[in-house]
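One structure below.
The values are calculated or read from the model by the stated rules, or taken from the named source; none is laboratory data. Note that the structure is a prediction, hence the values are computed from the model and not measured. All Cβ positions, even for glycine, are placed from backbone atoms using ideal geometry, and neighbour counts span all protein chains on display.
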Amino acid sequence: MQTATLKKATQELGVSPEDVVFYNKLGNKAFIEINLKLPASPATDGAETAAKIAENHDIETAVKFLAQDNFAVEDGLERIIWLREGAGEKIRLIEVNRNGFPTGRIEAFYFAPFAEVPFKTYLADVTPEEWRQILSGKIPLPEGWTLEESREFLRSEFEVTSVG
Amino acid sequence: MWAEAYLEQARSDWQVWELIRQHELPNCHALHYLQMTCEKLGKAFLIAGGTISPQKAKASHHAFKSFLQVASRNPTLRNLFKMRSVQLQAHIRQLLPLAESIERLAPALSQDGPNVEYPWESPDRRIHTPVKYTFPALRELQRPAGTNLLKVVDLVQKEFYRLFTEI
């Protein structure tokens, strides 16, 4: 298993050869499977920002935190739309994701409030094509959701660096 | 109410999956319950999101995979896994192909091919039965990605009320 190809592959992936649990080479392609390990120390994502946010619980700051965080996590995200009108103290986000699965509708998932974002959050992933269809009205918005007064965040607006 | 109902049924399916896998029965039966666990969990998450009615959720077979796609953006889940965001994203991406394979075990998504419930005909005109078929997903479940997927399924059921619903 300790072939030159495996050594090169683990170097490129930045993993230790000890973490490799499956390796196979077919023609000019190498298949490698690694066992991900939990970090030794707790996650510290955005800890400084979290502390600042927790102080004032400002919804706009919380949304910006989420946007920054989500752009960093998901490299397929092109834009994030914050639907503010009628949402009250809830955060409704449509995230346009090149890596998303097309469903032909808006399927939001609920995230409970947490320290960094102490607001109920509803997040829906759509593909760029679905986003075009939403804008043209072919895909309807869920009841109570509206694009009026919505705000768009583009990846380019954020200095996206890996937080992992 | 509907989300809790789907969760309750998913948890029961999960118990049956855990029970059956300990016995020497045809693998299709255990896989059937795992597939149903994932399907109902996905629907529970979807309904809890509030934009899809229970009637529309009923027809959705990809909800669990859709949930996994956004799960890594949930910081609370990251803390639960004690992973950093990029780590959890990589972790979950590793699980997506297997999650999709499990979803496709449902007859509705199998495109008249291998599924865990009904016999099917292969292109060479042979008739297959689930009880005699060796499902590739089973082998995958014994690999690290499979173990990790099962851990996620177990954990999100347990943490459903705390993390994924307004209740």
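When the stretch A:93-133 is filtered for residues that are β-branched (Val, Ile, Thr) and either more than 17 Å from B:Lys56 (Cβ to Cβ) or not assigned by TED's automatic domain parsing to the domain that holds A:Phe153 (or both), the ones remaining, listed by number, are A:Ile94, A:Val96, A:Val117, A:Thr121, A:Thr127. Residues that are part of a helix (DSSP H, G or I), more than 10 Å from chain A (Cβ to nearest Cβ) and in contact with a Lys or Arg (Cβ under 7 Å, 6 or more places away or on another chain) occur in the stretch B:30-39; there is at least one.
With respect to the conditions (1) surrounded by 18 or more Cβ atoms within 10 Å (Cβ to Cβ); (2) within 15 Å of the chain's Cα centre (by Cα); (3) at pLDDT below 95; (4) facing chain B (nearest Cβ under 8 Å), A:Phe65 lacks only one, and its number is (4). Set side by side, the residues B:Gln15, B:Gln94 differ, and just one is free of Cβ contacts under 8 Å to residues at least 40 places away in the same chain and not aromatic (Phe, Trp, Tyr), which is B:Gln15. Applying the condition of being modelled with pLDDT of 95 or more and either more than 12 Å from chain B (Cβ to nearest Cβ) or in a loop (DSSP other than H, G, I, E, B) (or both) to the stretch A:108-129 and asking which residue is surrounded by the fewest Cβ atoms within 10 Å (Cβ to Cβ) yields A:Glu129. For the stretch A:68-107, the set of residues classified as facing chain B (nearest Cβ under 9 Å), under 13 Å from the mean Cα position of the chain (by Cα), without any contact (Cβ under 8 Å) to a residue 60 or more places away in the chain and not in a strand (DSSP E or B) consists of A:Asn70, A:Glu74, A:Asp75, A:Asn99, A:Gly100, listed by residue number.
When the test is whether a residue is within 13 Å of chain B (Cβ to nearest Cβ), within 28 Å of B:Ser60 (Cα to Cα) and in a loop (DSSP other than H, G, I, E, B), A:Ile139 passes it. Hey, does the stretch B:49-68 have a residue that's buried (at least 18 other Cβ atoms within 10 Å of the Cβ), of a type in the set (A, V, I, L, M) and closer than 19 Å to A:Leu77 by Cβ? Yes, the stretch B:49-68 contains a residue that is buried (at least 18 other Cβ atoms within 10 Å of the Cβ), of a type in the set (A, V, I, L, M) and closer than 19 Å to A:Leu77 by Cβ.
Quick check, is A:Gly144 in a loop (DSSP other than H, G, I, E, B) and free of Cβ contacts under 8 Å to residues at least 40 places away in the same chain? In short, no.
Could you tell me whether any residue of the stretch B:43-51 is away from chain A (no Cβ under 11 Å) and assigned to a helix (DSSP H, G or I)?
Taking every residue of the stretch B:43-51 in turn, none turns out to be away from chain A (no Cβ under 11 Å) and assigned to a helix (DSSP H, G or I).
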